[in-house]
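Working notes for the structure below.
The values are calculated or read from the model by the stated rules, or taken from the named source; none is laboratory data. Model, not experiment: these values are computed from the prediction. We place every Cβ from the backbone using ideal geometry, glycine too, and count neighbours over all the protein chains shown. Just the protein is used for accessible areas: all its heavy atoms, side chains included, with ligands, DNA and RNA removed. Shrake-Rupley method; radii C 1.70, N 1.55, O 1.52, S 1.80 Å.
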Amino acid sequence: MSAGRVLIVDDNEESLKLLSGILIAEGYAVRPADSGELALDAVNVSLPEVVLLDMRMPEMDGPEVCRRLKARADTRDIPVIFLSASLDFEDRLEGLEAGAVDFINKPYRREELLVRLKTHLELARLRNELERRVEERTAELRAANDQLRDELELRRQVEAELRDSEQRFRSIADTAPAGIFISDRAGATTYVNQWIRCFTGMGLEKIGNHEWQQLLHPEDRDRTVEKVAAAVQDMIPYRLEFRHRRFDGQYRWAACTATTRL
């Protein structure tokens, strides 16, 4: 495995050979190019990790090559290090404005060259790894968000169906010619239909507060309350017959059948 993929662009043959030899000896995979046009063709074939680019070349100079690389989505993040024999501030400014990350002076100092190259290569790899992790995390969050949205939509549909079902039940129950009620696990009544409200003369608030027990005939009250409480605790169906006081004070025999629901 190579230390890294490096594209070296320099129109000076001796400089190109020297720099290539130094990097190959350090384990880098080197692709040399002696012109800006050839460098762009080389990038189209295989993307380097770092570009070492001569500032001054005929026909297409270094800054122009750099600008073209930075204009492409697939090469804009590749670090470009300019090679220059000039220490002129304007040249350096031009290179930075074109998108370069660093400069290496000619003639090369081997130690400086290797350190700068290694530093920018590691920074580029760290940035790429960070971007990869961000993309993965973004994809995970997007997938989780889509799943949550689907679950919320399913929940809204279920809740809407439950409301419709509840409404249909109440419509049917309120027109039934018999008493219909619902109680919770504590035995408190949570729903009574219209027939029960008319028969007892009580609303849900009083019936739900266990006041329905006061409507039972005194001789039937204890056994009825005890059997209902036991059935509710054990979650088992029951059937009872007892006398129940009507709204006008008269008692009427009633048959009560109840089933449990989860």
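Ranking Cys198, Cys66 from most to least accessible surface, computed with a 1.4 Å probe over the protein chains only, gives Cys198, Cys66.
Close amide H pairs (under 5 Å, H built 1.01 Å from N) link Asn193 with Ile180, residues at least 5 positions away or on another chain. Heavy-atom accessible area, probed at 1.4 angstrom with all protein chains present, ranks Arg127, Arg142 as Arg142, Arg127, highest first. On a per residue basis, segment 30-165 carries 63 Å² of accessible surface, using protein heavy atoms and a 1.4 Å probe.
Projected label points at Asp184 and Ser86, each 7 Å from Cα along the beta carbon direction, are separated by 8.4 nanometres. Under a model in which nothing but the beta-carbon of Lys, Arg (+1) and Asp, Glu (-1) is charged, the chain shows a dipole of about 2180 debye around its Cα centre.
A 1.4 Å probe, protein heavy atoms only, puts the accessible area of Trp195 near 100 Å². Report in % the part of the accessible area of segment 152-262 that belongs to carbon and sulfur, leaving out ligands and nucleic acids; probe 1.4 Å. The value for segment 152-262 is 53 percent carbon and sulfur by accessible area. Think of the chain as a dipole: +1 on every Lys or Arg Cβ, -1 on every Asp or Glu Cβ, centred on the Cα centre; then among Ala255, Leu113, Ala144, Ala255 lies furthest on the positive end. In the context of the full protein assembly, Lys106 retains an accessible surface of approximately 50 Å², using a probe radius of 1.4 Å and ignoring ligands and nucleic acids. To test your reading of the geometry: what angle, between 0 and 90 degrees and rounded to tens, separates the Cα axis of helix 110-174 from the longest principal axis of the chain? Rounded to the nearest ten degrees, it is 20. The listed residues Ser84, Ser171 rank as Ser171, Ser84 when sorted by accessible area, largest first, using a 1.4 Å probe. If I take R0 = 35 Å and measure r between the Cβ atoms of Ala139 and Ala3 in this structure, what FRET efficiency does the formula 1/(1 + (r/R0)^6) give, to the nearest 0.05? After rounding to 0.05, the efficiency reads 0.70. Element breakdown for segment 1-148 at a 1.4 angstrom probe: carbon and sulfur atoms account for 54% of the accessible area. Overall, segment 26-75 carries a charge dipole of about 220 debye about its Cα centre when +1 sits on the Cβ of Lys and Arg and -1 on the Cβ of Asp and Glu, all other atoms neutral. Loop-located GluC sites (Glu not before Pro) across segment 41-97 with a Cβ neighbour count of 14 or fewer within 10 Å are Glu59, with loop assigned by DSSP.
Equivalent-ellipsoid semi-axes for segment 102-147 (Cα gyration tensor, √(5λ), whole Å, largest first): 40, 7, 4. Helical runs assigned H by DSSP (4 residues or longer) give the chain a calculated mean residue ellipticity at 222 nm of -17500 deg cm²/dmol, each run adding -39500 (n - 2.57) before division by the residue total.
A simple rule links phi to the HN-Hα coupling: the Karplus curve 6.51 cos²θ - 1.76 cosθ + 1.60 with θ = phi - 60°, which for segment 6-12 gives 10, 9, 10, 10, 7, 7, 8 Hz, with x for Gly and Pro. Listed by chain and number, the lysines placed with their C-alpha closer than 27 angstrom to that of Lys106 are Lys17, Lys70, Lys118; residues fewer than eight positions away on the same chain are left out. Over segment 188-262, accessible surface divided per residue gives 64 Å², non-protein components excluded, 1.4 Å probe. The spacing between segment 1-50 and segment 195-262, judged by their C-alpha centroids, is 93 Å. Here the Karplus relation 6.51 cos²θ - 1.76 cosθ + 1.60, evaluated at θ = phi - 60°, turns the backbone of segment 23-39 into coupling constants of 6, 4, 4, 8, x, 7, 8, 10, 10, x, 9, 9, 7, x, 5, 5, 4 Hz, with x for every Gly and Pro.
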